[in-house]
Amino acid sequence: MNATATIVTPLGSLALTGSDAGLSAVTFLDEVAAATASTAIPGCLRPAHEQLTAYFGRELREFNLTYAPECGTDFQRQVWQALTGIAYGRTASYLDVAKLLNNPKSVRAVGAANGQNPLAIVWPCHRVIGADGSLTGYAGGMHRKKWLLEFEQPTRQGGLFN
């Protein structure tokens, strides 16, 4: 049986879904739908809740969780697995991911699979961009993708007088 919890982040509320088998979904909620976090976090979701809190607190760059997605074709799961190889603060193009899967002609399929990623942020589909460096679609909204990419950039040192 799946448990759920809500966590409030700088990007709005996230719904966490999972069971003792692992985390099955991290989903952005509409701003109106959830304004507060769950007070009681089910035990099976505590690691995800703690790690997402640490991520947004700039204390964590890599998630170490057990996953149990309830959807996905073999190809989608291969794409989602490939996403975990895109390091914090880095990006890759859809073509890069397709080449990593030894299938450079699957760029559109990679994009479609990326859009079906059930574990937003944890499986970092926001780090996938267009081959020309442009921001492309994001199921959580382009404003969130832009925010996440900027959030993950190393702190830039300003000049002495700015």
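Among the residues of the stretch 64-86, write down those that are within 22 Å of Ser106 (Cα to Cα) and either open to solvent by less than 70 Å² (accessible area, probe 1.4 Å) or among the aromatic types (Phe, Trp, Tyr) (or both). Across the stretch 64-86, the qualifying residues are Cys71, Gly72, Phe75, Gln76, Val79, Trp80, Ala82, Leu83, Thr84, Gly85, Ile86. So which pairs qualify, if the first residue must be in the stretch 66-82 and modelled with pLDDT of 95 or more, the second must be surrounded by 16 or more Cβ atoms within 10 Å (Cβ to Cβ) and in a helix (DSSP H, G or I), the Cβ gap must be under 6 Å, and the two must be at least 6 apart or on different chains? Here the result reads Gln76/Ala113; Val79/Val110; Val79/Ala113; Ala82/Val97; Ala82/Leu100, each pair linking the stretch 66-82 to a residue that is surrounded by 16 or more Cβ atoms within 10 Å (Cβ to Cβ) and in a helix (DSSP H, G or I). Evaluating Val122 against the criteria (1) at pLDDT 95 or above; (2) open to solvent by 20 Å² or more (accessible area, probe 1.4 Å); (3) among the β-branched types (Val, Ile, Thr) leaves one unmet condition, (2).
Restricted to the stretch 1-19, and to residues that are within 15 Å of the chain's Cα centre (by Cα) and under 20 Å from Gly72 (Cβ atoms), which residue is surrounded by the fewest Cβ atoms within 10 Å (Cβ to Cβ)? Across the stretch 1-19, the extreme among qualifying residues is Ala15. A Cβ distance below 7 Å, combined with a sequence gap of six or more or placement on separate chains, defines the contacts here; from the stretch 135-154, residues that are aromatic (Phe, Trp, Tyr) reach residues that are surrounded by 16 or more Cβ atoms within 10 Å (Cβ to Cβ) and modelled with pLDDT of 90 or more in the pairs Tyr138/His126; Tyr138/Arg144; Tyr138/Lys145; Trp147/Leu11. Figure legend. Inter-residue proximity from the stretch 85-101: first residues closer than 13 Å to Cys125 by Cβ, second residues of a type in the set (Lys, Arg), beta-carbon distance below 6 Å, spacing 6+ or different chains. Indicated pairs: Ile86/Arg127; Thr91/Arg127.
In this structure, Thr136 does not satisfy being open to solvent by 60 Å² or more (accessible area, probe 1.4 Å), among the β-branched types (Val, Ile, Thr) and either at pLDDT below 95 or in contact with a strand residue (DSSP E or B) (Cβ under 8 Å, 6 or more places away or on another chain) (or both).
Checked against (1) open to solvent by less than 20 Å² (accessible area, probe 1.4 Å); (2) within 15 Å of the chain's Cα centre (by Cα), Gly22 passes all but condition (2).
Every residue in the stretch 139-150 that is open to solvent by less than 20 Å² (accessible area, probe 1.4 Å) and of a type in the set (A, V, I, L, M, F, W, C), please. Scanning the stretch 139-150 gives a single hit, Leu148.
The values are calculated or read from the model by the stated rules, or taken from the named source; none is laboratory data. Since we're looking at a predicted model, the values are computed, not measured. Reconstructed Cβ throughout: ideal geometry from the backbone, glycine too, with neighbour counts over all protein chains shown. Surface areas here come from the heavy atoms of the whole protein model, side chains and all, with no ligands, DNA or RNA. Shrake-Rupley method; radii C 1.70, N 1.55, O 1.52, S 1.80 Å.
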